[in-house]
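Peer 1: Below is a structure I'd like to ask you about.
The values are calculated or read from the model by the stated rules, or taken from the named source; none is laboratory data. Just so you know, these numbers come straight off a predicted model, no measurement behind them. Positions of Cβ are generated from backbone atoms using ideal geometry, with glycine treated the same way; all protein chains shown enter the neighbour counts.
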Amino acid sequence: MGQRCGFFPRRIKGKLCFLHRIRPGIQIVAINNLNKLTKKFWKDYCKNLKKHIVMDPSENKHESKYIGGGCPPIETEHGWLLIYHGVEEKDTGLVYSACAALLDINDPSIEIARLPYPLFSPDNEWEQKGNVSNVVFPTGTALFGDTLYIYYGAADVQIACASLSLSALLAELLTYTSKNAK
């Protein structure tokens with residue numbers, strides 16, 4: 001699985017923003033235009049990587065190894081909903097799960113909330129056995145009314161879709177407010 005980059009669907013404070021991953025966590029870039037992404041930019045950025053970290057793996061086992069991108073952030077009334085992947089290392093190998101967090105609407109470098117458990121994990125045989133076993137890897141979403149559809153890769157062989165209530169997910173997330181929230 002390659003590195004992912006997820007752009008926010010609109011400018012934030014006049015800047016183009018995107019999330020990416022340099023293991024083990026998720027970082028943010030905010031720039032005026034894409035021409036600024038030069039070799040010098042990335043060299044300076046990597047020298048100061050810690051100040052760009054949005055989220056690092058938590059002590060929750062489903063994301064204890066590392067975390068990474070997934071779906072583009074979704075703007076909600078409570079903040080940016082981030083559907084990402086978490087990785088746990090087990091005796092049998094790595095297990096990729098779908099995870100959810102909420103980032104500040106005006107400053108997405110601030111985590112508001114994060115679920116302490118996965119949204120879903122590889123439970124079905126077709127998610128557990130494949131080119132890369134034990135993987136559910138969220139890649140896209142669609143919102144129809146209050147139903148959020150999450151499209152994901154399953155064991156690097158199939159594409160699947162899970163759905164849930166957006167309002168219920170946001171309510172659940174807000175019960176796990178981060179110490180960094182404003």
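Peer 1: For region 154-174, what are the residues that are touching a residue at least 24 places away in the same chain (Cβ under 8 Å) and within 14 Å of A101 (Cα to Cα)? Outline the logic, then answer.
Peer 2: Keep residues of region 154-174 that are touching a residue at least 24 places away in the same chain (Cβ under 8 Å), which gives 154-158, 160, 162, 164, 166, 169-170, 172-174.
L166, L169, L170, E172, L173, L174 - these are the residues of region 154-174 that are touching a residue at least 24 places away in the same chain (Cβ under 8 Å) and within 14 Å of A101 (Cα to Cα).
Peer 1: If you don't mind, there's one more thing I want to ask. Please work out which one of (1) free of Cβ contacts under 8 Å to residues at least 40 places away in the same chain; (2) under 25 Å from G25 (Cα atoms); (3) in contact with an Asp or Glu (Cβ under 8 Å, 6 or more places away or on another chain); (4) surrounded by 14 or more Cβ atoms within 10 Å (Cβ to Cβ) is the condition G130 fails and give its number.
Peer 2: The single condition G130 does not satisfy is (2).
Peer 1: Before we move on, is D123 at pLDDT below 95, surrounded by fewer than 15 Cβ atoms within 10 Å (Cβ to Cβ) and out of contact with any Leu (no Cβ under 6 Å at 6 or more places or on another chain)? Show your work before the answer.
Peer 2: Values: at pLDDT below 95: no; surrounded by fewer than 15 Cβ atoms within 10 Å (Cβ to Cβ): yes; out of contact with any Leu (no Cβ under 6 Å at 6 or more places or on another chain): yes.
No, not satisfied.
Peer 1: So, one more: With the requirement that a residue be of a type outside the set (D, E), closer than 23 Å to A30 by Cβ and part of a loop (DSSP other than H, G, I, E, B), what does region 88-107 give you?
Peer 2: I105, N106
Peer 1: Got a number for residues in region 1-19 being at pLDDT 95 or above, part of a loop (DSSP other than H, G, I, E, B) and not charged (D, E, K, R)?
Peer 2: 3
Peer 1: Kindly indicate whether G25 is surrounded by 12 or more Cβ atoms within 10 Å (Cβ to Cβ) and on the phi > 0 side of the Ramachandran plot. If you could, list the steps in order and put the result at the bottom.
Peer 2: On the way: surrounded by 12 or more Cβ atoms within 10 Å (Cβ to Cβ): yes; on the phi > 0 side of the Ramachandran plot: no.
Judged against the criteria, G25 is not a match.
Peer 1: If you scan region 109-134, which residues turn out to be of a type in the set (A, V, I, L, M, F, W, C) and either in contact with a His (Cβ under 8 Å, 6 or more places away or on another chain) or farther than 27 Å from H52 by Cβ (or both)?
Peer 2: If we filter region 109-134 for residues that are of a type in the set (A, V, I, L, M, F, W, C), which is where we start, we get 110, 112-113, 115, 119-120, 126, 132.
Those that are of a type in the set (A, V, I, L, M, F, W, C) and either in contact with a His (Cβ under 8 Å, 6 or more places away or on another chain) or farther than 27 Å from H52 by Cβ (or both): I112, F120, W126, V132.
Peer 1: So which of Y66, Y84, Y45 ends up being surrounded by 15 or more Cβ atoms within 10 Å (Cβ to Cβ) and over 27 Å from L174 (Cβ atoms)?
Peer 2: That would be Y45, the only listed residue that is surrounded by 15 or more Cβ atoms within 10 Å (Cβ to Cβ) and over 27 Å from L174 (Cβ atoms).
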